[in-house]
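Trainee: Have a look at this one.
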Amino acid sequence: MEAQAAEVCAKKIADDNDVRFAKLEVINNQQHDNLNDYEIKIWDVSLDVDKQMLEVYLKSFGPIKTLKFNVENLYYKVVVRFNGKQVEEKFKDLWSLRFCKYAFRIFPSNLTKDERNLRFKYGLKLANLPV
């Protein structure tokens, strides 16, 4: 049985995709590791933002485990997973991040539903204003 599971885990799910099956204990260990991390979502990041500079800026808050840029409409939604919870205090009361000429909405992963709804209720976005 163990040999069959190892054989299945060694195969790709599809030829054009490197994703593979994994044993449940491997997945549980990854989830346990993630419990010690801190995640924020950054919304409305302009597509022309310098990704490397933004990454350097975010590293000033603490060590980053993963950084993902997902295109959503005309903006990126960025997911930042910090290595450890030591940065949690820095984002506790922040509603936005200022980076160069930009200001981004942020949503820490530990917000309650009411806190998250409050941020949607009082958000305002200004764009394309003359300099």
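The values are calculated or read from the model by the stated rules, or taken from the named source; none is laboratory data. Just so it is clear, the structure is predicted and the values come from calculations on it, not from any experiment. All Cβ positions, even for glycine, are placed from backbone atoms using ideal geometry, and neighbour counts span all protein chains on display.
Trainee: Which of the residues that make up region 103-131 are farther than 26 Å from GLY84 by Cβ and outside any loop (DSSP other than H, G, I, E, B)?
Mentor: Across region 103-131, the qualifying residues are ALA103, ASP114, ASN117, LEU118, PHE120, LYS121.
Trainee: Something else about it: Looking at this structure, is LEU111 within 21 Å of VAL49 (Cβ to Cβ) and at pLDDT below 90?
Mentor: For LEU111, the condition - within 21 Å of VAL49 (Cβ to Cβ) and at pLDDT below 90 - is not met.
Trainee: Only one of (1) surrounded by fewer than 15 Cβ atoms within 10 Å (Cβ to Cβ); (2) aromatic (Phe, Trp, Tyr); (3) under 19 Å from THR112 (Cα atoms) is not met by TYR57, so which one is it?
Mentor: (3)
Trainee: Restricting to region 20-38, what's the tally of residues that are modelled with pLDDT of 70 or more, of a type outside the set (D, E, K, R) and exposed (fewer than 10 other Cβ atoms within 10 Å of the Cβ)?
Mentor: Residues that pass the stated criteria total 1.
Trainee: When you check GLU88 against the structure, is it of a type in the set (D, E, K, R) and closer than 10 Å to ILE40 by Cβ, yes or no?
Mentor: Here the answer is yes, as GLU88 does meet what is asked.
Trainee: The conditions are (1) in contact with a Gly (Cβ under 9 Å, 6 or more places away or on another chain); (2) under 30 Å from LEU129 (Cα atoms), and LYS101 fails exactly one of them. Which is it?
Mentor: (1)
Trainee: Please work out which one of (1) surrounded by 10 or more Cβ atoms within 10 Å (Cβ to Cβ); (2) on the phi < 0 side of the Ramachandran plot is the condition CYS100 fails and give its number.
Mentor: Result: CYS100 passes all but (2).
Trainee: Can I ask one more? If LYS41 satisfies all but one of (1) assigned to a strand (DSSP E or B); (2) farther than 27 Å from ALA127 by Cβ, what's the number of the condition it fails?
Mentor: LYS41 satisfies every listed condition except (2).
Trainee: Could you tell me how many of the residues in region 58-95 are within 25 Å of PHE120 (Cα to Cα) and either in contact with a Gly (Cβ under 7 Å, 6 or more places away or on another chain) or part of a helix (DSSP H, G or I) (or both)?
Mentor: 7
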